[in-house]
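Q: Pasting a structure here, questions to come.
The values are calculated or read from the model by the stated rules, or taken from the named source; none is laboratory data. Given the structure is predicted, the values throughout are model-derived calculations rather than measurements. Methodologically, a virtual Cβ is constructed for each residue, glycine included, from the backbone with ideal geometry; neighbour enumeration extends over all protein chains shown. Side chains included, ligands, DNA and RNA excluded: accessible areas come from the protein's heavy atoms. Shrake-Rupley method; radii C 1.70, N 1.55, O 1.52, S 1.80 Å.
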Amino acid sequence: MSTTITTVNPYTGKDIKTYNLHTKEEIDTVLKTGEKTFKTWKKTAIKERTSLLKKLAKQLEKKREDLSALMTAEMGKPIAQSRAEIDKCIWLCDFYAKNADNFLSDAIIDTEAQESFISYDPIGGVLAVMPWNYPFWQVFRFAVPTITAGNVGVLKHAANVTGCALAIQDIFEAAGYPKGCFQTIIADHKATENVLESNFIQAVSVTGSEKAGKSIASIAGKNLKKSVLELGGNNACIVWDNADLETYIPTMVKARFQNTGQSCIAAKRFIVEENIYDEFLEKFKKEVESLKIGNPEEEDTFMASMARTDLAEELKKQVDESVQKGAKILMGNTLTNANYAPTILTNITEDMPVFSQETFGPVATIIKAKNKKHSLELAANSRFGLGAMLFTEDIDAAREAIDHIEDGAFFVNEMVKSDPRLPFGGTKASGYGRELSKEGMLEFVNKKTVYIK
Ligand SMILES: O=CCCC(=O)O
């Protein structure tokens, strides 16, 4: 088995850098350092923890260009979107710097006791297993609330963004966090499993595939450790006949194609009422054709290569199998190395892979719904439950649809997006638990009941 990882620029196909996997001794040192740091960090005043968040934001600001370029090189994200990702991390730091004190304050509960309240205590080491598609954002949204709550974090990142993983540890240290508050391990599956089983690690946060989530959650469960899972999605984008297409088609296209379609919360199934289907298709295709595709280092590139050639091949396979079952290609489905062309598919039926499975790349499936009721039924016909969006000018009817949505999020006239102020997470095969907001911050704390008679 290889003991090194070589990162590769997916756009150029050139190797970037080779890293050694951490040895068992190095990982033991990480665990010991984390354990030692936790003893003092958990007692550090919340004001000090939030002031470090401000310094963390400053570090991100200072290194914005280098970090964005690193992300673009390692996983092919268009540079403007890489910068936006760093900016979102800064927003996250600011949000918790302002609100963490309040979120973590004791919650008084009236009982017959002299005093009764909930105290939110840190639990110790929390492992994060993170994916490559938002290499900074997904790690920050785990680390910032979790560490600010008094825990310490250990990151096992996706191999293809190892440079980003190490850069994040450097940023925490440069901001002045005690060594051991945030550490990165470069590890394979077995070593990661051993970390999760160690006494020091109390819980795990996973963002990734359903397969990864199941495997890690079962190890956590066997060891009685909590897990939060943010897994795949197959979000419906419902378009009713009273939608304002002129205004919202660009939002819908962005919802599918930004980050080259590699997002769990991307709009994947466009479910359109049949009386506006042709008009929708024409406008949607025109907008997709206007996207600037090419070199991710160029300022105005909107879509570039996918993050790895094998992922692009896997996506093409899902499309080809769907075509065999009768799907029609309106545009795209061509592949050169990791470059997969933006693809629009019609004539979709529910037995096709592009309807029933997550398509993690630039493929939009356009599905005809007989009416509004049928559109909601089609949207709910998914094993996944990360989010759904509805475009309509009838807001009262949209409110009535809320109860029909079984997902973790429902956005009306907006793409599903994560926001530090709002809880983020899914239902069904999309996982459980929440990130972000107060809800996310309280996932990895001991909600201790205190009762003084
Ligand atoms: O890939 C899933 C999450 C992306 C996001 O938080 O915007």
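Q: Given points 7 Å out from each Cα along the Cα-Cβ axis, report the Ala397 to Trp91 separation in nanometres with one decimal.
A: 3.1 nm
Q: Once neighbouring chains are kept in place and the probe is 1.4 Å, which whole percent of the accessible area of region 236-412 is contributed by carbon and sulfur?
A: Carbon and sulfur together cover 45 percent of it.
Q: Can you show me the helix-derived [θ] at 222 nm for the chain, built from DSSP H runs with n ≥ 4 at -39,500 (n - 2.57) apiece and divided by the number of residues, rounded to the nearest 500.
A: Result for the chain, helices only: -13000 deg cm²/dmol.
Q: Applying 1/(1 + (r/R0)^6) with R0 = 60 Å to the Cβ-Cβ distance of Lys179 and Lys286, what FRET efficiency is obtained, to the nearest 0.05?
A: Numbers: r = 54 Å, r/R0 = 0.89.
The value I calculate is 0.65.
Q: Quick check: pseudo-label points 7 Å beyond the Cα along Cα→Cβ at Glu439 and Thr18, how many nm apart are they?
A: Label at Glu439, label at Thr18, 4.6 nm between them.
Q: Per 10 Å bin, what percent of the C-alpha pairs of the chain does each bin hold, from zero upward?
A: With 10 Å bins starting at 0, P(r) equals 4, 20, 30, 25, 14, 5, 1, 0.
Q: Rounded to the nearest 5, what is the percent of antiparallel bridges among the DSSP beta bridges in region 236-412?
A: Just about 20 percent of them are antiparallel.
Q: Be a star and scan region 393-408 for residues whose amide nitrogen sits under 18 Å from the point 7 Å along the Cα-to-Cβ vector of Asn381.
A: 404-407
Q: For an R0 of 45 angstrom, estimate the FRET efficiency from the Cβ-Cβ distance between Thr4 and Glu246 and round to the nearest 0.05. Mind dumping the intermediate values first?
A: Values: r = 52 Å, r/R0 = 1.17.
So the FRET efficiency works out to roughly 0.30.
Q: Also, I was wondering about something else. Can you put His22, His189 in order of accessible area, largest first, using a 1.4 Å probe?
A: From most accessible down to least: His189, His22.
Q: Taking the Cβ-Cβ separation of Asp170 and Glu313 as r and a Förster radius of 35 Å, what is the calculated FRET efficiency to the nearest 0.05?
A: Calculated transfer efficiency: 0.55.
Q: May I ask you to derive the relative contact order of the chain, considering only C-alpha pairs under 8 Å and at least 6 residues apart, and to give it as an integer percent?
A: The normalised contact order for the chain reaches 19 percent.
Q: If you roll a 1.4 Å probe over region 155-221 with all protein chains in place, what percent of the accessible area is carbon or sulfur?
A: Details: 1250 of 2300 Å².
Carbon with sulfur: 54 percent of the solvent-accessible area.
Q: Measuring with a 1.4 Å probe in the full set of protein chains, what accessible area per residue, in whole Å², belongs to region 236-412?
A: 42 Å²
Q: Could you pull out every one of the aspartates and glutamates with an alpha carbon less than 13 Å from that of Lys283, ignoring same-chain neighbours closer than 8 positions?
A: Partners found: Asp244, Glu246.
Q: Per-residue counts of other Cβ atoms within 10 Å, averaged by peptide: what ranking do you get for 96-102, 68-74, 44-50, highest first?
A: On the way: 96-102: 17.6, 68-74: 22.6, 44-50: 14.0.
Taking the mean over residues of other Cβ atoms within 10 Å, the ranking is 68-74, 96-102, 44-50.
Q: For Thr336 and Asp28 in the same chain, what is the full-extension length gain: residue separation times 0.36 nm, less their Cα-Cα distance, in nm? The partial results should precede the final answer.
A: Working: separation 308, 0.36 × 308 = 110.88 nm, distance 4.25 nm.
Extending this stretch completely gives an extra 106.6 nm.
Q: Are any of the pairs Lys316/Lys372; Lys328/Lys372; Lys88/Lys447 more than 27 Å apart by Cα-Cα distance, and if so, which?
A: Cα-Cα > 27 Å for Lys316/Lys372; Lys88/Lys447; rest within.
Q: Expected output is a single nm value to one decimal: the length gained when fully extending between Asp188 and Lys373, i.e. 0.36 nm times separation in residues minus the C-alpha distance. What is it?
A: 61.9 nm
Q: Ok, one more. Going through the cross-link list Lys17/Lys77; Lys39/Lys448; Lys58/Lys254, which pairs have a Cα-Cα distance over 21 Å in this structure?
A: On the way: Lys17/Lys77 18 Å; Lys39/Lys448 18 Å; Lys58/Lys254 29 Å.
Too far apart for the 21 Å limit: Lys58/Lys254.
Q: Rounded, prolate or oblate: which fits region 1-89 when a ≥ b ≥ c are the square roots of the eigenvalues of the alpha-carbon gyration tensor, with rounded for a/c under 1.5 and prolate only if a/b beats b/c?
A: Note, shape of region 1-89 comes out oblate.
Q: Report the gain in length on full extension from Glu274 to Glu321: 0.36 nm times residue separation, minus Cα-Cα distance, nm rounded to one decimal.
A: 14.4 nm
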